[in-house]
Amino acid sequence: MDLEEYWGIGPKTCDRLETTLGTERAIEAIETIDIPALTEAGLARGRATRVLRHAHCERGMDLLRTPDTRRVYKDLIDRIAAHALTKEAADRIRVLTPLASIEDMDARLDDVALARESWAALDEPTREAVLDAFEAYDAAGGGERAAVAAALSLREAGVERGVFEPLTDLDREGLAAARDALRYLDGEAVLEGADADLDTLRERRAATDRLASERTDVLEAIGADELRTTEEFRAAFVEYATAETGVSSPRIRAATPQEATDAAAFVSEGLRALGEELEEAVAEREREVRADLEESIADARGEVDAAVGTVREITLTLSLARFAATYDLTRPRFVDRECLAVAGARNLGLAAGGEDPQPITYAIGEHTPAEDGTAIDSSADTDLDPDVPSGDRVAVLTGANSGGKTTLLETLCQVVLLGAMGLPVPAEEAQLGRFDAVVFHRRHASFNAGVLESTLRTVVPPLTESERTLMLVDEFEAITEPGSAANLLHGLVGLSVETGALGVFVTHLAEDLEPLPDAARTDGVFAQGLDEDLALDVDYQPRFGTVGRSTPEFIVSRLVANASDRQERAGFSALADAVGQQAVQRTLSDVEWSTR
């Protein structure tokens, strides 16, 4: 395969990879998700990650059809990677993409569920031992040597069930022999400690080099000025060099020159010849030791490869399981119809920020009772009928500012993307159909023709190009004047129904959209007043089939109550007259009574 066949690799990048890694090694790095190898070859980490995402699931990336959808995806990936047990696991998490089939999603969900059970079953000392093994793996820089050591450490920790079970199939003795061999191989080099004879030869070679650099001291030590004959000088030199290097006297004598112009030349030539002889001896012994080590590794090659693969999968699935456990995520149920239904859904951003978000129940499309016979219903403390409507393809979501409508869209996007990646979702229950495109569009506070055109180019094509599109559009009216916005939004809702898409459209123009298509409904979020701290008290659970009530009287009430002086209070009181003085006074009275 040619490198340029991979997405994102053009001629320049191809040349760089071939020059630094070679074609075969570069392809191997892409196929095995070896981000460090690609970054060391000169690719930026973000670029390498994008190349690998497309290489391993290009179709899945097509799901992310808008910049806002991709931002939600990136935020999810960052949150998951924060729970990685190793740097390598974090790299592999950053390459996770939506999967191509429900079978693949269910398979990953099975793996994560097993890993989660396995992690929960460990007592604290065993869990610490597992973490220590992975910490050592990271410290060693990953690779075969680290994987074999980690596999043996996990076996010694006694973890043998669940996600760790494949470790029990590995031959411990063969792995131990391979570990010892791998420990002393570093590329073409044999490390210290592999062989006593090799270590001795290296020590003698180093001592000889040291003497050669201290020629004047050697001459002084053997009293060169006092020796009259060449043989006397040779004998003194051999005796001194033997004591300093540990090399045998005959070997040193054989290396000394028969004739020399002076004492300094005698020492220099003798130590040079001895050094060359020792260097050859070191190289020969290193070849012999390396051959023995490589033979030990070859004998255990199957076990080594199995250990590498097993450790990589354990670290990945355990990392995903830790993420799922941290946020108390739940396995979604995939259904063979257009459906997005959640009960008790929570926004991960709010949960990560230490907040305790109100769980939300919401649905579009056709949902059915769960496998245990219970229906998706609302767990929120509201007045609405707890049964969530089924069958409406599109919902127009209305209601109070700061009512959590945008957060609900983001939460639905999180649920769909996590499910598509084969991961548990932040909801007590979720039913998900298949989607080919997710169009999440946040409200953008820009009001010009360019923004309108770019927005339409972003949100409309997926409706006509994909069979199963999810539209999550926030305050479309913010990008053009209200009259035109209502007409365009009405057309967008109608197009969504006509093309068979599912969608939730947040807007303050609900009344201007009437009549809606038969397959669409209007839902509302309601503010209930101000709390004792004058903060807006919102019921974030949407009420189905109801237009949400705007809350200017609550906001004006807060401004009146917080006015710093009589003049400011008079100004806000004028606004109270505009929105309804009676409603404002009632709100202020309720707040005053609640604080007594």
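Quick note: the coordinates plus some simple rules give every number you see, no bench work behind them. All values derive from a computational prediction rather than experimental measurement. Every residue, glycine as well, gets a Cβ built from its backbone with ideal geometry; the counts of neighbours run over all protein chains shown.
Mind listing the phi-derived Karplus ³J(HN,Hα) values for the stretch 151-159, rounded to whole Hz, using 6.51, -1.76 and 1.60 with θ = phi - 60°, and x for any glycine or proline?
Running phi through 6.51 cos²θ - 1.76 cosθ + 1.60 with θ = phi - 60° gives 4, 5, 5, 5, 4, 5, 6, x, 8 Hz.
Just the Cα atoms of the chain, one point each, no solvent: what log10 I(q)/I(0) does Debye give at q = 0.07, 0.11 Å⁻¹?
Once normalised to I(0) and log-transformed, intensities are -0.63, -1.10.
Convex hull over the alpha-carbon atoms of the stretch 167-228: what's its volume per residue in Å³? Show your work: numbers first, answer last.
Working: hull volume 6.9 nm³, N = 62.
Residue-normalised Cα hull volume stands at 111 Å³.
When 1/r is averaged over all different Cα pairs and the result inverted, which Kirkwood radius in Å belongs to the stretch 270-316? Spell out each step's value before the answer.
Details: mean 1/r = 0.0745 Å⁻¹.
Result for the stretch 270-316, one decimal place: 13.4 Å.
Give the share of C-alpha pairs in each 5 angstrom bin for the stretch 79-218, from 0 to the last occupied bin, in whole percents, shortest bins first.
Bin by bin from 0 Å, the calculated values are 2, 8, 11, 15, 16, 12, 9, 7, 5, 4, 4, 3, 2, 1, 0, 0.
Kindly rank 517-526, 429-438 from highest to lowest mean number of other beta carbons found within 10 Å of each residue.
Order by mean packing, descending: 429-438, 517-526.
Rounded to the nearest 500 deg cm²/dmol, what is the calculated helix-only ellipticity per residue at 222 nm for the chain, with -39500 (n - 2.57) per DSSP H run of length n ≥ 4? Intermediate results must be reported in sequence, preceding the final value.
Details: 24 runs with 330 residues, N = 596.
After summing the helix terms and dividing by residue count, I get -18000 deg cm²/dmol.
Report, in debye and to the nearest 20, how large the dipole of the stretch 253-345 comes out about its Cα centre when Lys and Arg carry +1 and Asp and Glu carry -1 on their Cβ.
Values: 11 positive and 20 negative charges, 223 e Å.
With only Lys, Arg, Asp and Glu charged at Cβ, the dipole is about 1060 debye.
How do the peptides 18-29, 559-570 rank, highest first, by the average count of neighbouring beta carbon atoms within 10 Å per residue?
Numbers: 18-29: 15.8, 559-570: 12.4.
Taking the mean over residues of other Cβ atoms within 10 Å, the ranking is 18-29, 559-570.
How many times 2.2 N^0.38 Å is the alpha carbon radius of gyration of the stretch 49-141? Can you show the working numbers first?
On the way: Rg = 15.6 Å, N = 93, 2.2 N^0.38 = 12.3 Å.
Expressed relative to 2.2 N^0.38 Å, the Cα Rg reads 1.27.
What's the Kirkwood radius of the stretch 305-359 in Å, using all Cα pairs? Could you put the intermediate results ahead of the total?
Details: mean 1/r = 0.0711 Å⁻¹.
That comes to 14.1 Å for the stretch 305-359.
Step by step: find N for the stretch 1-58, compute 2.2 N^0.38 Å, then divide the Cα radius of gyration by it. What's the final number?
On the way: Rg = 9.7 Å, N = 58, 2.2 N^0.38 = 10.3 Å.
Compared with the compact-globule rule of thumb, the stretch 1-58 sits at 0.94.
Report the charge-dipole magnitude of the chain in Debye, nearest 20, computed about the Cα centre from +1 at each Lys and Arg Cβ and -1 at each Asp and Glu Cβ.
Values: 60 positive and 113 negative charges, 392 e Å.
In total the dipole reaches around 1880 debye.
Tell me, how many Å apart are the Cα centres for the stretch 464-484 and for the stretch 271-329?
Distance between centres, Cα-based: 55 Å.
Hey, if you drop one equal point scatterer on each alpha-carbon of the stretch 137-190 and run the Debye formula without solvent, what base-10 log of I(q)/I(0) do you get at q = 0.21 Å⁻¹?
Calculated log10 I(q)/I(0) at the listed q: -0.78.
Of all the C-alpha pairs in the stretch 125-166, what % are more than 18 Å from each other? Intermediate results must be reported in sequence, preceding the final value.
Working: 175 of 861 pairs.
Distances greater than 18 Å cover 20 percent of the Cα pairs.
Remind me, what semi-axes does the stretch 417-500 give for its equivalent ellipsoid, largest first in whole Å, using sqrt of 5 times each Cα gyration tensor eigenvalue? Numbers along the way, then the final one.
Working: eigenvalues 144, 44, 26 Å².
In descending order, the three semi-axes are 27, 15, 12 Å.
Compare the Cα positions of Thr66, His83, Leu43 along the charge dipole of the stretch 27-136 (+1 at Cβ of Lys, Arg; -1 at Cβ of Asp, Glu; about the Cα centre) and return the one farthest towards the positive end.
After comparing all options, I get Thr66.
Could you work out Rg/(2.2 N^0.38 Å) for the stretch 153-272, with Rg from alpha carbons only? Write out the running numbers ahead of the final one.
Numbers: Rg = 24.7 Å, N = 120, 2.2 N^0.38 = 13.6 Å.
Cα-based Rg divided by the globular estimate yields 1.82.
For the chain, with the dipole built from +1 on Lys and Arg beta-carbon atoms and -1 on Asp and Glu ones, taken about the Cα centre, which of Thr23, Ala181, Gly483 lies farthest toward the positive end?
It is Gly483.
Give me the Kirkwood hydrodynamic radius of the stretch 256-346 in Å, from all C-alpha pairs, to one decimal place?
On the way: mean 1/r = 0.0485 Å⁻¹.
Hydrodynamic radius (Kirkwood, Cα pairs) of the stretch 256-346 is 20.6 Å.
List the aspartates and glutamates whose Cα sits under 14 Å from the Cα of Lys74, skipping any in the same chain fewer than 8 residues away.
Those aspartates and glutamates meeting the cut-off are Asp91, Glu410.
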